[in-house]
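This report concerns only the one structure given below.
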Amino acid sequence: MLILPWNPCTGQTSSAKEGYSYQTGDRNGIGKWYMHREIAHVMGHQGMRWLDRPERDSEENTTKLLDNMDIQIGDTIADIGAGSGYHVFLMADLAKKGLVYAVDIQDEMLAEIQRKKEKRGTTNVRPLKGSEKSVPLPENSVDKLLLVDVYHEFSYPIEMMQSLKKALRPNGKLFLIEYRGEDDRVPIKRLHKMTESQAVKEMQAAGFTLERNMDNLPWQHCMVFMPE
Ligand SMILES: C[S@@+](CC[C@H](N)C(=O)[O-])C[C@H]1O[C@@H](n2cnc3c(N)ncnc32)[C@H](O)[C@@H]1O
């Protein structure tokens, strides 16, 4: 992988081949760009209560998201950037004979997932500490990858997607859920949203093809990708 510094002579450009570039931009961004998109700051664990807000299901229709995933009883699923585990336990109840990996980079998030796991007595959830560049998942081990509101804040999207592709089984699916960047009515900061065209461009660069954007959630894209 080639990492290019920001070059004021050539203007701020980036493509998957060129790698990352650097330029100060939005206050919610880290000044690092990938394919003309500025990467957002990671949401701190202090935002945990927002992730678990009671109105979340009505705002985001999580029930519909789970329907979209068509979870089978024996599925192995990995929730990447699992946060406080909002989706983790809902999926674990459906994949009763399977396994849900809950991957995050913040210890506080993983501790919260562990706390919920013990409180509920759930046995098919495995919290895992990831890094900014990779996931600690076995190769070819996962049927479904769920990324909710996290891809836009990967500080190393190229490396993360390479790692995720290795973990996914050849016939597996990646569910990329991002707040709709095309829709000004979605009350989320600009850098924490993505357009479908940007997401497709970046996923194609990572070797994934869009099977379908389910387009049935109130605020978010529900994009289903397959590995090439
Ligand atoms: C906005 S929160 C969303 C949490 C959860 N997906 C949800 O919707 O409730 C994003 C989470 O992704 C995590 N994260 C950011 N970069 C990550 C990476 N490279 N690998 C794993 N987790 C990451 C953050 O620590 C944070 O907990």
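Site pair residue 204 and residue 107 shows an inter-label distance of 4.3 nm when each label is modelled 7 Å from Cα along Cα→Cβ. Sequence-ordered 3J(HN,Hα) estimates for region 37-43 from the Karplus curve with 6.51, -1.76 and 1.60 and θ = phi - 60° stand at 10, 7, 6, 7, 5, 5, 6 Hz, glycine and proline given as x. Ordering of 169-177, 101-109, 65-73 by packing is 101-109, 169-177, 65-73, highest average first (other Cβ atoms within 10 Å, averaged per residue). Taking a straight Cα-Cα cut-off under 27 Å and skipping sequence neighbours fewer than 8 places away in the same chain, the lysines within cross-link reach of residue 201 are 17, 32, 64, 133, 144, 165, 166, 173, 189, 193. If a/c stays under 1.5 just call it rounded; otherwise compare a/b with b/c (prolate if a/b is bigger, oblate if not). Do that for region 61-186, with a ≥ b ≥ c from the square roots of the Cα gyration tensor eigenvalues. Note, shape of region 61-186 comes out rounded.
Packing-based ranking of 140-151, 125-136, 214-225, 48-59 yields 140-151, 214-225, 125-136, 48-59, ordered from highest to lowest mean Cβ neighbour count within 10 Å. Only bridges with both residues in the chain count here: give the DSSP antiparallel percent, nearest 5. DSSP beta bridges in the chain are roughly 45 percent antiparallel. Under a 5 Å amide H cut-off, with hydrogens placed 1.01 Å from N, residue 195 pairs with 181 among residues at least 5 apart or on other chains. The charge dipole of region 87-165, taken about its Cα centre with unit charges on the Cβ of Lys, Arg, Asp and Glu (plus for the first two, minus for the last two), comes to roughly 480 debye. Karplus-derived 3J(HN,Hα) values for region 197-207, using 6.51 cos²θ - 1.76 cosθ + 1.60 with θ = phi - 60°, are 5, 5, 4, 5, 4, 6, 5, 4, 4, 8, x Hz; glycine and proline are entered as x.
Extension gain for residue 53 to residue 129 (0.36 nm times residue separation, less C-alpha to C-alpha distance): 25.0 nm. The residue among 62, 99, 35 whose Cα reaches farthest toward the positive pole of the charge dipole of the chain, with charges on the beta-carbon of Lys, Arg, Asp and Glu, is 99. Evaluated with a Cβ-only charge set (Lys, Arg +1; Asp, Glu -1), the chain carries a dipole of roughly 400 debye about its Cα centre, given to the nearest 20. Only Cα sites of the chain enter the Debye sum here, all with the same form factor; the resulting log10 I(q)/I(0) across q = 0.11 1/Å is -0.52, listed in q order.
Spin-label model, residue 213/residue 93: points 7 Å from Cα along the beta carbon direction are separated by 3.0 nm. Only one residue of 163, 224, 207 has its Cα farthest out toward the positive end of the dipole of the chain, where Lys and Arg carry +1 and Asp and Glu -1 on Cβ, and that residue is 163. Simple spin-label estimate for residue 139 and residue 189 gives 3.9 nm between the two label positions (7 Å along the Cα-to-Cβ direction from each Cα). Counting only Cβ charges, +1 for Lys and Arg and -1 for Asp and Glu, the dipole size of region 112-228 around its Cα centre is about 580 debye. Once the Cα-Cα distance is subtracted from the 0.36 nm per residue extended length, the residue 66 to residue 26 segment shows a gain of 11.1 nm.
None of the figures in this text is laboratory data; all of them are computed from the coordinates on show. The shown structure was predicted, so the numbers you read here are calculated from the model rather than taken from an experiment. Please note: Cβ atoms are built from the backbone with ideal geometry, for glycine as well, and neighbour counts cover all protein chains shown.
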